[in-house]
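Undergrad: Here you go, one structure.
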Amino acid sequence: MISQAIRLARVGSRSELAAALLMGLGYPCVMLAALIPNVWLFAAAAAVTYLADRYLHHRGSYVINRLGRVRAGLSIRFLLRQLMVILLLARLDLSEGPLFYTAAACFLLFFGLQIPHGALTTLIRLRRTMPVITRNVDLNAVRIPDAPPRVLMRRSGEKMLHLDIPAMAGLLIAAGTGENAAAYAGAALTLLLALLYVAALAPYLRRSRLAPRPAAVLKAVDTWLSEYQPTVVLYFSGSNESAYQGNMWLETMARIEGRPLIIMRERGLVPQLAETSVPVICVPAGTHLMNLDLSTVRVCLYPANVGKNIHILRVPTMKHVFIGHGDSDKLASVNPYSKVYDEVWTAGRAGRDRYALADVGVRDEDIVEVGRPQLESIESGTGSLRNPIPTVLYAPTWEGWDDNPGNTSLLLAGENIVRGLLAADEPVRIVYKPHPFTGIRNARAKAADARIRTMLEKAAAERAAEPRWAREAERTAADRSAAEAELVTIGARLAELAVVGRPGADEAEESRVSLADPAREAEAARLRAAWNDAYWRSFGWWEHRTVTGPQPKLYDCFNESDAMVSDISSVVSDFIASGKPYAVTDSAGLGAEEFRRQNTAVRAAVVLSNGAGELGELLAAVTDPAADTLAGARRELKTYLLGPDEPTSMERFNAAVRALAAKAEARNAGVAQRIGDQAVAVPDREADSSGVGTGEPEATASAVATADPDAVAVPGGEAEAVEAAEAAVAPEATTAR
C-alpha cells in the first residue's frame, strides 16, 4: 500500500511521502488554528509546514514541482502563512492594536524588499552567463571575475522567504503572552536581515564583477581556436539523461591522433560531463556556433542523431561521421538520417550488413568498420565463476519513444526474469542495472522498475536472514567494513578533485579555472579504479544489488558478472566482447527462430520468452562448461559484430580518422584550385566586388566554404533558415540502447 502511494504521489521515498502528507495537512491546520483561534496550534502547524517544505526542497521532490504548476508555489505558501497570522491576530481581537499594524507593516515591507532581491539575483545570473562554457580552454585573454559567494546565490529565493521566521515567531509569542516587544524585535530582525541580503548582492552588479561581454568572450574563444587548431571534433547534443552517450567517447577522444575538441550544445550537460583532458566548448546558440572559426577541423564525429547537428553539418570544409553510441539491432542503428553524413562508422561487419538490409540510403562505400574502442576495459570470461555462486546481470533497455513491445523486457518480462532467477534451484546473485532513460516516457516502465527494485530488496533481506549467508556475512564483516571505509575516503578525495577552483563557482568562473591538469587526472583515474574495486568488496558476493548512476559503470558490471540478461540494444553487443553466456528477451513474441533471424546479436543468445522459462538453459551454461552449447557461436559473433582483435580498435579508429582527414584536405585543395582558376577567368570588376581572387584570405576561405555544390546552403547570418532546417529534423532520435 505504501509503495503504491509513493508511486501515485511520484515521490522518491517513504520520508518524502511523509513530508508531503505533513505539508498537505499542515496548511489546513494553520487555517483552522487561525479561525478557532489557537496560537499554539497555529505555531505547531506552521512549524510543520516550514520543516516539511524545507525537506522536500532539499530532496528536489517532484511534489514541489507540481505545486508550482498549480499556482501553489513557494512564494504563495509563505504568503498564505503570513496572511493566516494576520487573520489569527484579527480573530484574537487584536485588529485595532499595535501588534496587528506591526504585522501588516512588516510583511508589506518584507514583500517590497523581495522585489529588488529577486531583480538583483536574476540580473547577476543573466549578466554572468557566458555565450560559451569551456573546459581545458585558456580564456586568459578576457577577465572573468569570481562568482558571488554560493551562500548568496544558491536557492536565493528560498533563503529570502525564510527570513520571515523571526517576525512570525515574534508575532506568535506576542499573541500568546501579551508581550509586544517580542513582535517588534522579530519584525525588526526580519526586515534588517532582508535589507542586508539585498545590500550584500548589490556590489555584484558592478561591471567589474560581471562576465565579459559576449563579443569579447567569443573573440577570445576564436583566438584560442586559431592557436590550438583543432583537427577532430566530437559534436554532442541531447537531453540531460543522454550524457552517457557523449561520456562513452571521452577516453577515445583523449587517445585520438591529432588535436581533438569536444563541442557541446546544452549547458545542463556540461556538469554531467565526465573528467577529460580534451578541450570542451559548449555553445548553446546556433548563431554563435556558426560563427566560430573551425577552419582547421577536418573530421567531425557525431554520437547521436539530433536536430542541432544541422548547425555544424552545414560546414563543407570538414568531413562528417556518424559514430553512434552503441552497436545494436534497434532501428536507431539504421536511421535514414544517417545518410546526411559523409561516412558511417560501425563496429564490425554486422553494422554494414544492417544498412544494406535496411536500404535507407547509406551507401556501402561510405561505411567504415572501426571496432569499439570503449570495449578494451571489458574482461574476457575464463569459463569459471568469479564467486562461489553465479552473478547474473539484468540490464534491460528503456521503453523507447514508441510503444513497440520489443523495446524493453521490463513491461512484460522483467518481473518474471527476476522472479525466475530468485527461484533458481541453486543460489544466484542478481545485479540489476536499468537504463538511465527508464520511465521518462512510460509510467508503466517506471512502475515495473520500482517493483523489481522492491523485489530485490526483499530477497536480499530474506537471504541475509538465512544461516548460510549469515555465517558468511559474519566471516567477511571486517573486510566489507574496510571496503566501506575505503569508499568513503576515496569518494571524499574524488569530490575534492572534482571541484576545480572555489566551491560554489558558477559556470563563468569554472570556465576560467577548469584547465587540464595531468597529475590531477592521473590521480582521479587511479582513485576511480580503487573505488570500483572497493565498491564490489563492500557487500557480499551473495547479495543482490541494484546499480544506478554513473558509478559503477556498465562495463564494471560486465566484469563482475558471469552472465547477462538484456534486450535488443548495444548492451548485448558490448557484452559479447566478454565471451560470457547471455540471454535476450523476445518481448514482442516473435518466436526464437524469427527473433534470431531479425536480430544479429541474438544468434548466440539464449532466447527468453516473456515468461522467462528458459532461464535454466542460461544458468546451466554458466555453471557447467559442457552445457554451454553456444560458446563457439559467441566467438564467431564477436568478430562479426565488433571486428577482429588485431589490429586493435583504437588503431583502426585512428586509421579511419587519418583517411577521412586526407579526403577533407583533398576536397578543400580542389575547391581552392577551382576558385583560383575561376578568379583568373572572371573580369577584375567582378573579382573586386565578390572579394574572390583579390588575395584576401577571409574572402577566399568564405568562397571555399560555400562553393561546394553538396554543401548545405545557409546564407551567413540567416539564422531563421537554419532553425527551419533544424525543425524539420526529429528532435531526438531513438537511442541505440
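Please treat every number below as a calculation from the coordinates, not as lab data. Since we're looking at a predicted model, the values are computed, not measured. Ideal geometry is used to build each Cβ from the backbone, glycine not excepted, and the neighbour counts take in all protein chains shown.
Undergrad: Taking H as built 1.01 Å from N, whose amide H comes closer than 5 Å to the amide H of LEU608, not counting residues under 5 places away?
TA: VAL584, THR585, ASP586
Undergrad: Test of the criteria: in the range 339-425, which GluC sites (Glu not before Pro) are in a DSSP loop and have at most 16 other Cβ atoms within 10 angstrom of their Cβ? Write out the running numbers ahead of the final one.
TA: Values: sites: GLU343, GLU365, GLU369, GLU376, GLU379, GLU399, GLU415; in loops: GLU379, GLU399.
Answer by residue number: GLU379.
Undergrad: Once Lys and Arg get +1 and Asp and Glu get -1 on their Cβ, which of LEU56, GLY24, TYR101 lies farthest toward the positive end of the dipole of the chain?
TA: With unit charges placed on the Cβ atoms, the residue in question is TYR101.
Undergrad: Can I ask one more? Could you give the DSSP H helices of the chain that reach 15 angstrom or more along their long axis (alpha carbon positions) and whose average Kyte-Doolittle hydropathy is no lower than 0.0?
TA: Values: long enough: 14-35 (32 Å, 1.35); 39-59 (30 Å, 0.49); 74-91 (26 Å, 1.58); 98-127 (43 Å, 1.11); 165-177 (18 Å, 1.74); 180-201 (32 Å, 1.81); 214-228 (21 Å, 0.35); 443-465 (34 Å, -0.38); 477-498 (31 Å, 0.44); 518-537 (29 Å, -1.01); 631-642 (16 Å, -0.32); 649-681 (48 Å, -0.08).
Qualifying helices, which must be both long enough and hydrophobic enough, are 14-35, 39-59, 74-91, 98-127, 165-177, 180-201, 214-228, 477-498.
Undergrad: Positive end of the dipole of the chain, charges at C-beta (+1 Lys, Arg; -1 Asp, Glu), about the Cα centre: which of LEU527, VAL233, PRO581 has its Cα farthest in that direction?
TA: Of the options given, the answer is LEU527.
Undergrad: Same structure again: For the chain, what is the percent of antiparallel DSSP beta bridges, rounded to the nearest 5?
TA: Working: 3 of 39 bridges.
About 10 percent, rounded to the nearest 5.
Undergrad: Cβ neighbours within 10 Å, averaged per peptide: list 531-544, 229-242 in order, most packed at the top.
TA: Values: 531-544: 18.8, 229-242: 20.9.
The densest-packed peptide leads the list: 229-242, 531-544.
Undergrad: Compute the length gained on full extension between ALA627 and ARG267: take 0.36 nm times their separation in residues and subtract their Cα-Cα distance, giving the result in nm to one decimal. The partial results should precede the final answer.
TA: Details: separation 360, 0.36 × 360 = 129.60 nm, distance 5.14 nm.
Taking 0.36 nm per residue and subtracting the Cα distance, the gain is 124.5 nm.
Undergrad: Oh, and also: Any idea what the dipole of the range 477-539 comes to, in debye rounded to 20, about its Cα centre with Lys/Arg Cβ at +1 and Asp/Glu Cβ at -1?
TA: Values: 8 positive and 12 negative charges, 40 e Å.
Rounded to the nearest 20 debye, it is 200 debye.
Undergrad: Tell me, what is the FRET efficiency for GLU257 and ASP293 to the nearest 0.05, using R0 = 22 angstrom and their Cβ-Cβ distance as r?
TA: On the way: r = 22 Å, r/R0 = 0.99.
After rounding to 0.05, the efficiency reads 0.50.
Undergrad: Which loop-located trypsin sites (Lys or Arg not before Pro) does the range 417-508 contain, where loop means any DSSP state but H, G, I, E or B and the Cβ has at most 15 other Cβ atoms within 10 Å? Show your work: numbers first, answer last.
TA: On the way: sites: ARG419, ARG429, ARG441, ARG444, LYS446, ARG451, ARG453, LYS458, ARG463, ARG468, ARG471, ARG475, ARG480, ARG493; in loops: ARG441.
Qualifying residues, ordered by number: ARG441.
Undergrad: Over the range 477-539, what is the relative contact order in percent, taking alpha-carbon pairs closer than 8 angstrom and at least six residues apart?
TA: Numbers: 34 pairs, mean separation 40.6, N = 63.
This gives 64 percent for the range 477-539.
Undergrad: Calculate, for THR177 and TYR101, the FRET efficiency according to 1/(1 + (r/R0)^6) with r their C-beta to C-beta distance and R0 25 Å; round to the nearest 0.05. Numbers along the way, then the final one.
TA: Numbers: r = 19 Å, r/R0 = 0.75.
Here the calculated transfer efficiency is 0.85.
Undergrad: Dividing the convex hull volume of the alpha carbon atoms of the range 535-612 by its residue count, what do you get in Å³ per residue? Provide the component values of the computation, followed by the final result.
TA: Numbers: hull volume 8.3 nm³, N = 78.
Here the figure is 106 Å³ per residue.
Undergrad: How long is the range 477-539 along each principal axis, judged by its Cα atoms, biggest number first, in Å?
TA: 46, 23, 12
Undergrad: So if R0 is 30 Å, what FRET efficiency would THR129 and ALA672 give, r being the distance between their Cβ atoms, rounded to the nearest 0.05?
TA: Values: r = 39 Å, r/R0 = 1.29.
My answer for the efficiency is 0.20.
Undergrad: Can you give the extra length, in nm with one decimal, that the chain gains between ALA662 and GLU614 once fully stretched, where that is 0.36 nm per residue apart less the Cα-Cα distance?
TA: Values: separation 48, 0.36 × 48 = 17.28 nm, distance 5.13 nm.
Extending this stretch completely gives an extra 12.1 nm.
Undergrad: Right, next: What is the total of Lys pairs in the chain with C-alpha atoms under 27 Å apart, excluding same-chain pairs fewer than 8 positions apart?
TA: Lysine pairs, 8 or more places apart or on different chains, close enough: 28.
Undergrad: So, one more: If we count other beta carbons within 10 Å of each Cβ, what is the order of VAL221, VAL572, fewest first?
TA: VAL221, VAL572
Undergrad: Once the piece of chain linking GLU474 and ALA285 is laid out straight, how much longer is it, given 0.36 nm per residue of separation minus the C-alpha distance between them?
TA: On the way: separation 189, 0.36 × 189 = 68.04 nm, distance 5.80 nm.
Gain in length upon complete extension: 62.2 nm.
Undergrad: While we're here: Using label points projected 7 Å from each Cα along Cα→Cβ, tell me how many nm separate ALA522 and ASN65, to one decimal.
TA: It works out to 4.3 nm between the two label points.
Undergrad: I'd like to know which of VAL572, ASN654, GLY611 lies farthest towards the positive end of the charge dipole of the range 563-681, counting +1 on Cβ of Lys and Arg and -1 on Cβ of Asp and Glu.
TA: In the range 563-681, that residue is ASN654.
Undergrad: Now, a different point. So how many Å³ per residue does the convex hull of the Cα atoms of the chain work out to?
TA: Working: hull volume 142.7 nm³, N = 737.
Taking only Cα atoms, the chain has a hull volume of 194 Å³ per residue.
Undergrad: Sticking with this one: In nanometres, what is the gap between the two model label sites at THR454 and SER239, each 7 Å from Cα along Cα-to-Cβ?
TA: 2.5 nm
Undergrad: With +1 on the Cβ of every Lys and Arg and -1 on the Cβ of every Asp and Glu, and nothing else charged, how large is the dipole of the range 281-341 about its Cα centre, in debye rounded to the nearest 20? Write out the running numbers ahead of the final one.
TA: Numbers: 6 positive and 3 negative charges, 30 e Å.
Using only the charged Cβ atoms, the result is roughly 140 debye.
Undergrad: Using 7 Å Cα-to-Cβ label points, what is the GLU227/TRP40 separation (nm, one decimal)?
TA: It works out to 7.1 nm between the two label points.
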